[in-house]
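Only one structure is covered here, and it is reproduced in the block below.
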Amino acid sequence: MTDVITLHLPAEARADQSRDATPRERRYYVWTVGCQMNVSDSERLEAALQGVGYAPAERPEDASFIVLNSCSVRASAEERILGKLSEVQRIKRNHPDTKIVLWGCMVGPGNQSIFQSRLPMVDHFVSPSAVDEVLALAPNPIYQLDEPALPVARWDHPPVSVHVPIQYGCNMSCSFCVIPLRRGRERSRPLAEIVEECRRIVARGAKEITLLGQIVDSWGHDLPGRPDLADLLRAVHEIPGLLRLRFLTSHPAWMTDRLIAAVAELPRCMPDINLPVQAGDDALLKIMRRGYTVQRYRELIAKIRDAIPHVSLTTDVIVGHPGETRERFEGTKRLLEEIRFDKVHIAAFSPRPGTRAAEMELDPALAVPEGEKQLRRIELERLQEQIATERNARFLNQTVEVLVEGEHKGKWRGRTPGNKLVFFSDPRDRTGQLANVRITHTGPWSLQGVLAQSAGESPMLNGASEPLDATPVMQGAVTQ
């Protein structure tokens, strides 16, 4: 899950608009918690609000239209939203004309009425991804959009890296997941529509596209002709000006040989795959309804690493799911030690209403005590920190290619092809450029470096040192 994000505009655009004379009645504030799909929805909403004459507010009290984009994957996310609602309730007391919208996965189809008595400060409840519905609630527009806000974002100044949803909903039935209940059945967007949106975003300045879906590698199975994600990657890859291409989040059941081959063959498709495993024990995977075994997962990882030797692999793990004995937990721990992922997103199980696992949690024979859940989470986090530290250490004194996303605390911030976070200093504006950076310090979560001093220093593409003349020359590339 991402950190809370208050605004999603590029910093320069936000600064320009915050300095103008737009009155409070035409200012909005969007606050988001949750996955990258939520972030993308909020980005689209902000672009649409600007299209009808709104400007962003830095603080909720300065806005007449407040939207909280919610997540219900874990109880902690809902608690953060409820805390934020308490804050905006005070604002509404001082400014009764403020309109407040609760949006996102907390508000699934048909359950709006559940919240109306509990959350009287909220004026409207809107289901996930319904950008047009939220936009229609804005009280003081001065323009009308000439096309729907979705599915195409109306970016005038897109950030360097943009997330583009290619699919909504989910058809899986994982025991722990509330997403199918809140976002509905899986719907794939047409290939031509996605490519045109990506083309428009890149033409306006974006350099990297990440294709998003709840089960992104199942994209296309419900479309005429049944195209697959490999077809879409090849089509988006050809967009002029695009430097990098990624996708999130995959499921082992849909990770095909064609998709692996596309990632291996396409130079702008980054060697970066997120493949959630959730547990390292067959009995627990069956309880979770994941549809694969540990051995099948191992074989898939081996196939990926064979085709893409320097791939960066990340995964998701849940600890404390009902039925997870200590022995089954140890299986997960052994799998992490064996595969040695670059990053692992670890969560303690949180029962979500309406899921099979929430019912199982009521059985004392199956439920894992909360304290034990947290101990297991900490144990895996410490293990993964050690693994990540060791894996990142191989970058020390190597030169890596970094796509610079922006400035952070006086340094430039960007990512390698393998999605390693890198910081470096330079007096020039490097935003949106590819820079060759020699790594001078490594840690488990990020790398620090300096700009390479000569063209003879070869960038590492996620750990694979290659001569510069073997690297495709692309718009915005920096060779020092």
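Annotations for the structure displayed:
- In the set A365, A347, only one residue is of a type in the set (G, A, S) and crowded, with 16+ Cβ neighbours inside 10 Å; that residue is A347.
- Scanning segment 382-399 for residues that are assigned to a strand (DSSP E or B) and under 23 Å from A264 (Cα atoms) turns up at least one hit.
- Checking E330 against (1) more than 24 Å from E385 (Cα to Cα); (2) more than 24 Å from the chain's Cα centre (by Cα), the condition it does not meet: (1)
- Condition met for E407 (farther than 23 Å from L313 by Cβ and open to solvent by 80 Å² or more (accessible area, probe 1.4 Å)): yes
- Verdict on R356 being open to solvent by 70 Å² or more (accessible area, probe 1.4 Å) and not acidic (D, E): yes
- Restricted to segment 19-46, and to residues there that are assigned to a helix (DSSP H, G or I) and in contact with an Asp or Glu (Cβ under 8 Å, 6 or more places away or on another chain), the residue that is farthest from A136 (Cα to Cα) is R24.
- Selection within segment 52-89 - in contact (Cβ under 8 Å) with a residue 40 or more places away in the chain, out of contact with any helix residue (DSSP H, G or I) (no Cβ under 9 Å at 6 or more places or on another chain) and small (G, A, S): A75, S76, A77
- When residues of segment 180-194 are limited to those that are out of contact with any Asp or Glu (no Cβ under 6 Å at 6 or more places or on another chain) and of a type outside the set (D, E, K, R), the one surrounded by the most Cβ atoms within 10 Å (Cβ to Cβ): I194
- Pick from segment 1-48, criterion at pLDDT 50 or above and of a type in the set (K, R), ranking: surrounded by the most Cβ atoms within 10 Å (Cβ to Cβ): R44
- A206 fulfils the conditions (1) among the small types (G, A, S); (2) over 24 Å from V317 (Cβ atoms); (3) open to solvent by 20 Å² or more (accessible area, probe 1.4 Å) except for a single criterion, (3).
- Note on segment 52-99: residues that are touching a Phe, Trp or Tyr at 6+ places or on another chain (Cβ under 7 Å), buried (at least 20 other Cβ atoms within 10 Å of the Cβ) and assigned to a loop (DSSP other than H, G, I, E, B) amount to 3.
- Hits in segment 100-140 - residues which are part of a helix (DSSP H, G or I), open to solvent by 50 Å² or more (accessible area, probe 1.4 Å), at pLDDT below 80 and not β-branched (V, I, T): S113, Q116
- Residue check, C177 within 30 Å of A77 (Cβ to Cβ) and open to solvent by 30 Å² or more (accessible area, probe 1.4 Å): yes
- Count of segment 281-340 residues which are polar (S, T, N, Q), in a helix (DSSP H, G or I) and open to solvent by 40 Å² or more (accessible area, probe 1.4 Å): 1
- Every pair of residues 6+ apart whose Cβ atoms lie under 6 Å, when the first sits in segment 276-303 and is closer than 12 Å to C174 by Cα while the second is acidic (D, E) and part of a loop (DSSP other than H, G, I, E, B): L284/E324
- Hits in segment 415-449 (condition: without any contact (Cβ under 8 Å) to a residue 60 or more places away in the chain, farther than 18 Å from F341 by Cα, in a strand (DSSP E or B) and open to solvent by less than 60 Å² (accessible area, probe 1.4 Å)): V422, F423, F424, A435, N436, V437, I439, Q448, G449
The values are calculated or read from the model by the stated rules, or taken from the named source; none is laboratory data. Everything numeric here is computed off the predicted structure, so don't read it as measured data. All Cβ positions, glycine included, derive from the backbone under ideal geometry; neighbour counts span all protein chains shown. Accessible surface areas use protein heavy atoms only, side chains included; no ligands, DNA or RNA. Shrake-Rupley method; radii C 1.70, N 1.55, O 1.52, S 1.80 Å.
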